Amino acid sequence: MKQIFSLLAAMSIALSSLAQNGKISGNIKDGGNQKIIDAATISLVKAKDSSLVKAIFADKQGHFQFDNVKDGNYLVLATSVGHSKTFSEQISINSTNAVVDLGTLQLIPETKNLKGVTVVAKKPLIEHKIDKTVVNVDASISNVGSNALEVLEKSPGVTVDKDGNISLKGKQGVKVLIDGKLSYLSGADLANLLRNMQSAQLDQIEIMTNPSAKYDASGNSGIINIKTKKTKTIGFNGSATTGYTQGLVSRTNESINLNFRKNKVNLFGNYSYSYRNKWQNLDILRKFRDKDTKELLNIFDQQARLRGANQNNDLKLGIDYYVSKKTTVGAVVSGFYNPETFRNDNNTFLENAQSQVLSRTTALSEMNNSWKNFSGNFNMRHVFDSAGRELTADLDYSNYKSSSKQTLSNNYFDANNIKNAPGDTLIGTIPSDITIYSAKVDYAQNIGKAKLEAGLKYSSVKTDNDAKYDSSKNNILVPDYGRSNHFLYEEQIKAAYVNVSGSLNKKWDAQVGLRLENTNSKGNQLTTGQNFKRDYTQLFPTAYLSYKMNEKNVFSLNYGRRIERPDYGDLNPFYFFLDKYTYQVGNPELKPQFSHNIELSHSYKNFLNTTFNYYKATDIINDIFEQNDATKETYIKKSNIASQQQLGLAISAQIPVKKWLDLNVYTNVSNNIYKGIINNGYVKLKSTLFMSNVSAQFNFGKGWKASADGFYRSKGLDGVFNISAMSAMNAGVSKTILKNKGTLKMGIRDIFHSQNAQGSAQYGYIDTKFSEMRDSRQVSLSFTYRFSKGKGTAAPKRQIGGANEEKGRVKSGS
């Protein structure tokens, strides 16, 4: 610990004491209303001929700075959409005048009214930045009619399994943020939320494999931030979208996004609704073996036909108020209501070792589920001066309520299909109530050519799960105390971080950070009187180093330590039945898992990017299977089963083939090794996983555009499952109409219906296989209409909150 703090202190001193020679800095503001303009383009040009020396973007405070400027005479040019360009006065850099502060440059708004005019900017599908990869959702027309989960599975390095669990570069433990704040959901609930979030609502997908110390340390393999669309004009404006998708079953989606900005007030809101039919076939083959001799005893052949429908209602309302030129406050309230009906018709054949049928069980599982959420956020931002000093704060509250009413009816037959035992019914009521409070404050300041960031965060989580089961046999309903359970869980996390970044010289850039997190938690199983308490403190260092060898080649190296805490639901030892012979159970003994991530990257001409990574994790949290030989039941629970090591190589390229054709290619190969004790036996699993994403963007002119994309994933390990190869190909076409106010899109997903999952788990006495067919081949049609009455300006920045890590761990059932 002392060595880490010493290193951090040394780097902070080195970065803050860099030479100040040859520096030009200043700020940009709107000359009409004096608002800060971020992301303005700032160009340094030679005074004698206006030839470009260097171009940068202003930061979110409107500040810009050119370093290592050679002696000479210069001008600074500032441009921004909706404004007339402006020049500074002439600047002379020499030995006696090496540091120049231009003060504030004014960008005057253009007087042209944008009523009836829609400005469409072309964005690349994939953008590679120093700390993340960005996917621009609308750049791929084949995303029409898809949902957020389907967009994710097409993104570079991302895979989604049959249950909606997300992996990044072959590693589990991804934290998903929505507009900078975590969803407060995980597992099946997060998958349900993302399936109901339509692509028409999405702007960008940000993929960060090694986030800085400013972010919560949770998420072993990194963070995915889903950014929703926001309007960017003064006045009243917005957009509306409607869509229809047809596969084996249908689904619809509608959304509206509104914004009104005038003087010191910005109001915004959006609402989306979708209705989605579900269709899935799942076949599972389990071989029961003797735990000692591994001799085959029985075979279970299960055929599940899953059907259902769900609705999603999602609403967000917010306000930003510009108190002064330096202070902005805002508030956001949001919520969703997602009801669902679900039916599982299940046939299970019990066979002997020679595959002869001994008996058959039919099971009908019917569920009525609902998820409700209300979240509130208050935020504040204050800029102290033009030197980059800034203070931001967030207060968050969120409550999640879910309910699941399940009826599981079983009937029993012999080998001749004659009923041989009375039927029975299991009735379950499984409510969940989760309340989360969070507060955080962040401070940033420029120190010479370095930037200092620091912050504090506190979060509190309380969960209440009360699972009640009743059994019915011979038409007699009795409480099932053996399966019922009432579980309470509380957790507090206190965190602090410091992060320093800057240029060491004209070739070297560096960043170091350290995050401290203290976790206090306790669980109380009221049904049995069992309880536990945990209290631990951990340090999470991060470090980044970048070397610009020349204009064509840039190398970078980064390191980070991260944590994956158990989901709240996975700590709850209640039973959730999938069918008569299969159920899930929580594990209150779960411990957090930790990982070390190292990446070495090379960028060539900002077009070809290559990354080597090494990853090591301990106490991996994963699903394991256990069998009850007497009842022939299989149950699934989370356990700290093993350690994992991974060596990986990722290569991506952006290829502008023609003016009308752009290609993006991404490939990743990784070697994974799992080692540990599973079901009291030593297990070592190895696999090499290859995945690739290829996309093509076509621009034919006159408003016509098209795209085609596909992905391939080879056979490889996903936890203890060995998943077979999988692929899909998608295509889409779009046309702008109604004087560029409307866009009509048509797309088809999984053209060859190849996106079906198959896998197996074979270790110790466990021997199981599955095969899944989804309704993945779909044709979609959508129409979007945009309306605007105002003039261009920067988008408001404080529409997100501060509750981060907690939102990713809610698991209230599905």
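A few remarks follow.
- Of the residues contained in the stretch 370-384, none is found to be under 30 Å from Gly448 (Cα atoms) and out of contact with any strand residue (DSSP E or B) (no Cβ under 8 Å at 6 or more places or on another chain).
- Residue in the stretch 417-434 that is of a type in the set (A, V, I, L, M, F, W, C), in contact with a helix residue (DSSP H, G or I) (Cβ under 8 Å, 6 or more places away or on another chain) and at pLDDT below 90 present: no
- One residue stands out in the stretch 47-78 among those that are over 20 Å from Leu504 (Cα atoms) and of a type in the set (Lys, Arg): the one that is nearest to the chain's Cα centre (by Cα), namely Lys60.
- Selection within the stretch 715-745: residues that are open to solvent by less than 20 Å² (accessible area, probe 1.4 Å) and part of a loop (DSSP other than H, G, I, E, B). The member of this set that is nearest to Leu647 (Cα to Cα) is Gly719.
- Close pairs (7 angstrom Cβ cut-off, 6 or more residues apart or separate chains): over 21 Å from Gly170 (Cα atoms) in the stretch 681-701, in a strand (DSSP E or B) and open to solvent by 20 Å² or more (accessible area, probe 1.4 Å) anywhere: Ala696/Leu661; Ala696/Leu663; Ala696/Ala708; Gln697/Asp662; Phe698/Leu661; Phe698/Lys705; Asn699/Lys705
- Considering Gly482, Gly529, Gly523, the condition of being at positive phi and either surrounded by fewer than 20 Cβ atoms within 10 Å (Cβ to Cβ) or touching a helix residue (DSSP H, G or I) at 6+ places or on another chain (Cβ under 7 Å) (or both) is satisfied by Gly529 alone.
- Tabulated pairs, the stretch 341-367, first more than 11 Å from Ala415 (Cα to Cα), second hydroxyl-bearing (Ser, Thr, Tyr) and not in a strand (DSSP E or B), C-beta under 8 angstrom, 6+ apart or interchain: Thr348/Tyr581
Results for (1) modelled with pLDDT under 80; (2) within 28 Å of Arg561 (Cβ to Cβ), shown as yes or no for each residue.
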position: Ala139; (1), (2): yes, no
position: Val144; (1), (2): yes, no
position: Ile166; (1), (2): no, yes
position: Leu182; (1), (2): yes, yes
position: Arg195; (1), (2): yes, no
position: Ile205; (1), (2): no, yes
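- Selection within the stretch 618-665 - polar (S, T, N, Q) and either modelled with pLDDT of 85 or more or open to solvent by 30 Å² or more (accessible area, probe 1.4 Å) (or both): Thr618, Asn628, Thr631, Ser639, Asn640, Ser643, Gln644, Gln645, Gln646, Ser652, Gln654, Asn664
- Neighbours by Cβ (under 8 Å, 6+ apart or cross-chain): first from the stretch 44-55, among the charged types (D, E, K, R); second open to solvent by 40 Å² or more (accessible area, probe 1.4 Å) and in a strand (DSSP E or B): Lys46/Val53; Lys46/Asn73; Lys48/Asn73
- Candidates Ile748, Ile677, Ile673 - the one that is part of a strand (DSSP E or B) and buried (at least 17 other Cβ atoms within 10 Å of the Cβ): Ile748
- Check on Ala188, open to solvent by 30 Å² or more (accessible area, probe 1.4 Å), out of contact with any strand residue (DSSP E or B) (no Cβ under 6 Å at 6 or more places or on another chain), at pLDDT below 80 and not in a loop (DSSP other than H, G, I, E, B): yes
- Any hit, the stretch 706-718, residues being at pLDDT below 90 and under 30 Å from Leu248 (Cβ atoms): yes
- Scan the stretch 400-418 for residues that are more than 17 Å from Phe349 (Cα to Cα), surrounded by fewer than 16 Cβ atoms within 10 Å (Cβ to Cβ) and of a type in the set (S, T, N, Q) and the total you get is 1.
- Looking only at residues of the stretch 766-789 that are open to solvent by less than 30 Å² (accessible area, probe 1.4 Å) and part of a loop (DSSP other than H, G, I, E, B), we find that the one that is nearest to Asn277 (Cα to Cα) is Asp775.
- Single condition Val461 does not satisfy, out of (1) surrounded by 17 or more Cβ atoms within 10 Å (Cβ to Cβ); (2) not in a strand (DSSP E or B): (2)
- Test for Lys686: is it surrounded by fewer than 17 Cβ atoms within 10 Å (Cβ to Cβ), part of a strand (DSSP E or B) and over 26 Å from the mean Cα position of the chain (by Cα): yes
- The single condition from (1) more than 17 Å from Gln755 (Cβ to Cβ); (2) modelled with pLDDT under 80 that Asp161 fails is (1).
Residues checked against (1) part of a strand (DSSP E or B); (2) under 18 Å from Thr348 (Cα atoms); (3) open to solvent by 70 Å² or more (accessible area, probe 1.4 Å); (4) at pLDDT below 90:
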position: Glu254; (1), (2), (3), (4): yes, no, no, no
position: Tyr273; (1), (2), (3), (4): yes, no, no, no
position: Lys278; (1), (2), (3), (4): yes, no, no, no
position: Asn281; (1), (2), (3), (4): yes, yes, no, no
position: Lys291; (1), (2), (3), (4): no, no, yes, yes
position: Leu306; (1), (2), (3), (4): yes, yes, no, no
position: Gln311; (1), (2), (3), (4): yes, no, no, no
position: Gly318; (1), (2), (3), (4): yes, no, no, no
position: Gly330; (1), (2), (3), (4): yes, no, no, no
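- Residue in the stretch 564-587 that is β-branched (Val, Ile, Thr) and at pLDDT 90 or above present: no
- For the stretch 598-617, filtered to residues that are of a type in the set (A, V, I, L, M) and open to solvent by 30 Å² or more (accessible area, probe 1.4 Å), the residue that is nearest to Asn672 (Cα to Cα) is Ile598.
- Per-region count, the stretch 203-254, residues within 19 Å of Ala148 (Cα to Cα) and of a type in the set (Lys, Arg): 4
- Test: Lys70 is in a loop (DSSP other than H, G, I, E, B) and modelled with pLDDT under 80: no
- Long-range neighbours under 6 Å by Cβ, at least six apart or interchain, first residue in contact (Cβ under 8 Å) with a residue 60 or more places away in the chain within the stretch 645-669, second buried (at least 19 other Cβ atoms within 10 Å of the Cβ) and not in a strand (DSSP E or B): Gly648/Lys169; Asn664/Leu125; Tyr666/Pro156; Asn668/Gly157; Asn668/Lys169
- Within the stretch 485-503, not a single residue is open to solvent by 20 Å² or more (accessible area, probe 1.4 Å) and not in a strand (DSSP E or B).
- On the stretch given as the stretch 623-657, residues that are part of a strand (DSSP E or B), among the hydroxyl-bearing types (Ser, Thr, Tyr) and more than 26 Å from Val135 (Cβ to Cβ) total 4.
- When every residue of the stretch 379-389 is checked against the conditions, at least one turns out to be farther than 30 Å from Thr634 by Cβ, hydrophobic (A, V, I, L, M, F, W, C) and assigned to a strand (DSSP E or B).
- Restricting attention to the stretch 355-375 and to residues that are open to solvent by 50 Å² or more (accessible area, probe 1.4 Å) and assigned to a strand (DSSP E or B), the residue that is nearest to Asn344 (Cα to Cα) turns out to be Glu366.
The values are calculated or read from the model by the stated rules, or taken from the named source; none is laboratory data. Here the structure is a predicted model, which is why all the values come from computation and not from measurement. Positions of Cβ are generated from backbone atoms using ideal geometry, with glycine treated the same way; all protein chains shown enter the neighbour counts. All accessible areas refer to the heavy atoms of the entire protein, side chains included, with ligands and DNA or RNA removed. Shrake-Rupley method; radii C 1.70, N 1.55, O 1.52, S 1.80 Å.
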